[in-house]
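Below: one structure, written as structure tokens.
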Amino acid sequence: GAVVSQHPSRVICKSGTSVKIECRSLDFQATTMFWYRQFPKKSLMLMATSNEGSKATYEQGVEKDKFLINHASLTLSTLTVTSAHPEDSSFYICSARGDRGKGYGYTFGSGTRLTVV
Amino acid sequence: AQSVTQPDIHITVSEGASLELRCNYSYGATPYLFWYVQSPGQGLQLLLKYFSGDTLVQGIKGFEAEFKRSQSSFNLRKPSVHWSDAAEYFCAVVTAGANNLFFGTGTRLTVIP
């Protein structure tokens, strides 16, 4: 089945530094990748959608200069949290969809717990 | 406005009992419908999906869901719950004109011995 690997699973960083989170589709080509943020005991909030080789589309209210998304290949997307602050602490999850279309499901990574101290 | 509603924030069932988790959506046309499960600190695993055909869908881990157009519902069921089913369950949709999943608020399932 489709597998998405997300790394790292946990990261602690100092305020003001940047953190990169990787999302890889291991056995399929992810034409579209999605980045979500999940607050404790809350649902998933879509941050941005990225297609391979093009700029990401950010949801309203998401700072594109703070959350840099790169989808350089059909198997890799990265989210970089720049100049992180404690309020950026959260659980970030990526999702990938292959070229079979939306009805065939979206595969999720295992998430990254970011703590900014 | 488009929305996905999971009316039950938290459900507690005894092991071996049956389970039904509710999901209602508000869209003009039938969207693609999904149920995902999330264990603490983990990503989401797809349980089942529906986008056409038979309205009773079988998924993994013994789960099934029934699409009812007249009620705009896609409720998840399991005849006999196991302790390992304790987790957060999310109903999600994607509409024909959209690209991404839109999630309900989730239902947390607790299973007691």
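Computed from the coordinates by the stated procedures, all read-outs in this text should not be read as laboratory data. Worth saying up front: this structure is predicted, and the values here are computed from it rather than measured. When we count neighbours, we look across all protein chains shown, and the Cβ atoms used for this are built from the backbone with ideal geometry, even at glycine.
Some points to look at:
- The mean number of partner chain beta-carbon atoms within 10 angstrom of a residue's beta-carbon across peptide B:93-100 is 4.
- Of A:H85, A:A48, A:I69, farthest towards positive along the dipole that unit charges on Lys, Arg, Asp, Glu beta carbons give segment A:6-117: A:H85
- Cβ-placed point charges (K, R +1; D, E -1), dipole of chain B about Cα centre in debye, nearest 20: 180
- For residues of A:33-46, the mean tally of beta carbons on other chains within 10 Å: 4
- Cα-based shape type of chain A, given that a ≥ b ≥ c are square roots of the gyration tensor eigenvalues and the cut on a/c is 1.5: prolate
- Take the Kirkwood radius over Cα pairs of segment A:1-61, plug it into Stokes-Einstein at 37 °C and 0.692 mPa s, and you get 240 µm²/s for translational diffusion.
- Average Cα contact separation per residue, chain B, under 8 Å, 6 or more apart, as relative contact order %: 37
- Note on chain B: dipole from Cβ charges, positive end direction compared against B:T12, B:L56, B:L76; the farthest Cα belongs to B:L56.
- Annotated for chain A: lysine pairs at least 8 residues apart or interchain, Cα distance under 19 Å, count 6.
- Counting every other Cβ atom within 10 Å of each residue's Cβ, A:S18, B:S73 order from fewest to most as A:S18, B:S73.
- As a proxy for reagent exposure, ranking B:T12, A:T107, A:T31, A:T49 by other Cβ atoms within 10 Å from fewest up yields B:T12, A:T31, A:T49, A:T107.
- When A:L76, A:L26 are sorted by how many other C-beta atoms sit within 10 angstrom of their C-beta, beginning with the fewest, the order is A:L26, A:L76.
- A Cβ-based charge dipole, computed about the Cα centre of segment A:39-108 with Lys and Arg at +1 and Asp and Glu at -1, lands at about 280 debye.
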